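The values are calculated or read from the model by the stated rules, or taken from the named source; none is laboratory data. What you are looking at is a predicted structure, and each value in this text was computed from that prediction instead of being measured. Because the Cβ atoms are built from the backbone with ideal geometry, glycine has one as well, and the counts that use them run over all protein chains shown.
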Amino acid sequence: MLSREPQLLAQLTQRESQVLRLLAAGLSSKEVAQELAIAPRTVERYIDQVRLKTRARNRTHMVVEAIRIGLITPA
């Protein structure tokens with residue numbers, strides 16, 4: 001998986017990174033939507049995309065993987 005990690009950094013869009021950071025900070029999907037002024041369903045799509053890119057089983061695993069590979073830093 002190490003060879004894939006730098007590639008993953010380049011694959012996340014700016015908005016996906018924003019959503020990921022806000023989720024990691026403890027915000028709900030609805031709160032993320034309000035913070036970014038987008039629809040809650042749009043947030044869900046970003047979450048699904050990040051989850052697929054990180055090959056995570058769920059949101060918690062997605063955040064853990066993002067921290068592990070350096071996409072975000074723990075609060």
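Brief remarks follow.
- Residues being surrounded by fewer than 15 Cβ atoms within 10 Å (Cβ to Cβ) and closer than 20 Å to Glu31 by Cβ - total across the range 46-63: 3
- Residue ID - modelled with the lowest pLDDT, chosen from residues in the range 23-45 that are small (Gly, Ala, Ser) and surrounded by 19 or more Cβ atoms within 10 Å (Cβ to Cβ): Ala24
- Pair list, Cβ < 7 Å and 6+ apart or interchain, from the range 48-73 residues that are without any contact (Cβ under 8 Å) to a residue 40 or more places away in the chain and of a type in the set (A, V, I, L, M, F, W, C) to residues that are surrounded by 20 or more Cβ atoms within 10 Å (Cβ to Cβ) and assigned to a helix (DSSP H, G or I): Val50/Val19; Val50/Leu20; Val50/Met62; Ala56/Met62; Ala56/Glu65
- Within the range 64-75, the set of residues being surrounded by fewer than 15 Cβ atoms within 10 Å (Cβ to Cβ) and not hydrophobic (A, V, I, L, M, F, W, C) comprises Arg68, Gly70, Thr73, Pro74.
- The helices (runs of 4 or more DSSP H) falling completely within the range 26-75 that include 3 or more residues that are on the phi < 0 side of the Ramachandran plot and hydroxyl-bearing (Ser, Thr, Tyr) map to 40-54.
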